[in-house]
1. Could you give each residue of the range 234-239 its phi-based ³J(HN,Hα) in whole Hz, using Karplus coefficients 6.51, -1.76, 1.60 with θ = phi - 60°, and x for Gly or Pro?
2. Give the relative contact order (percent, whole number) for the range 2-274; include only Cα pairs under 8 Å separated by 6+ residues.
3. When the dipole is taken about the Cα centre of the chain, and only Lys, Arg (+1) and Asp, Glu (-1) are charged at their Cβ, what size is it in debye, to the nearest 20?
4. What's the angle, to the nearest 10 degrees (0 to 90), between helix 246-274's Cα axis and the longest principal axis of the chain?
5. What distance in nm lies between label points placed 7 Å from Cα along the C-beta direction at residue 118 and residue 12?
6. Taking the alpha carbon gyration tensor of the range 2-274, what are the square roots of 5 times its eigenvalues, largest first, to the nearest whole Å?
7. Can you give the FRET efficiency to the nearest 0.05 for residue 29 and residue 189, using r as the Cβ-Cβ distance and R₀ = 30 Å?
8. Could you state the angle between the C-alpha long axis of helix 113-122 and the longest principal axis of the C-alpha atoms of the chain, as a value from 0 to 90 degrees rounded to the nearest 10?
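Bear in mind these aren't lab numbers, they're just calculated from the coordinates by the rules spelled out. Note that the structure is predicted; figures quoted are calculated from it, not measured. We place every Cβ from the backbone using ideal geometry, glycine too, and count neighbours over all the protein chains shown.
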Amino acid sequence: MTLFTLLIVMAFERVVVKAKSLQLATIAQRYFSYIERLIHKKEAQEPKTARSEMTTAFIVAGLPTATVWILAAYLPSPFVFFLHLLILWICIGCSSARKSYKGYLQAANRQDYEACSLYSQQFGNEDGDLSHVGRQLVFINYTHYASIIIVFVILGLPGLVFYVLCRQWHLLQTREGLSKQYTQKLMFILDWLPSRISTVGFLLVGHFSRALPVWLSTFSDSELSAFEVLEKVSKASEDSPSIENAELQEPLQMVKLVKRNIIFLLMLVSAMTLVGVIS
């Protein structure tokens, strides 16, 4: 069912634009707003500590995770299948980033580099530096596709819910300028394995001999974040773009790389399904 669910959702996500109310960020924001009201009431009575911040993160992600686990365990099979489709569809993809990327490509084609910089900031390239666009696109693909597939296959639907809510909670803490030290540590742990599994695909669909030493070095450096792992291995897996029109060529190269990587991940899931490793 895992492979079948992934294929249906991936196809559906490409042809159907999610309403804003069905996007992960919107749903998570509503849920977090409710949780924050409860937290603020408690903070008036108790001082904030490192333990309380970590506990809050686990509670925020743990309650929906437990709910999904109970539903998946006790609902009839057809309802469980629909639940898998619905939650995976909500978690996967990012229509706003795709729209901004299309705008970036159009601006790059007409050599409007100021517009390129503005579009790149919309999909997370904070400083607007065009030399950083490729690595940001790799990270976006990992965040909204590769990591979702990997976590779903390894940990199932409850694990996926826990992962995406922890990530959204960390993003909220970062956006609002709150203390993010403990959620950052949590995301470092949660992303450690998926980021390295994802970059295996870069080796196999890119320059294997050049990228392999870089990939192996990520295991010896315990300080590397998921972003840094993806950046290092993706750079080693692809040829450097020509200086001419690099603002267009590098993002295109990286997008082709991550698309091949997603196909590799789906093929890997297919092979694991055939040999009975996953159902």
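1. Those phi angles translate into 5, 4, 6, 7, 10, 5 Hz.
2. Taking the mean separation of contacting Cα pairs over the length of the range 2-274, I get 21 percent.
3. Details: 25 positive and 21 negative charges, 168 e Å.
So the magnitude is around 800 debye.
4. Relative to the chain, helix 246-274 is tipped by roughly 50 degrees.
5. My value for the distance between the label points is 3.6 nm.
6. Here the semi-axes work out to 31, 23, 20 Å.
7. With a Förster radius of 30 Å, E is 0.80.
8. For 113-122 against the chain, the angle is about 20 degrees.
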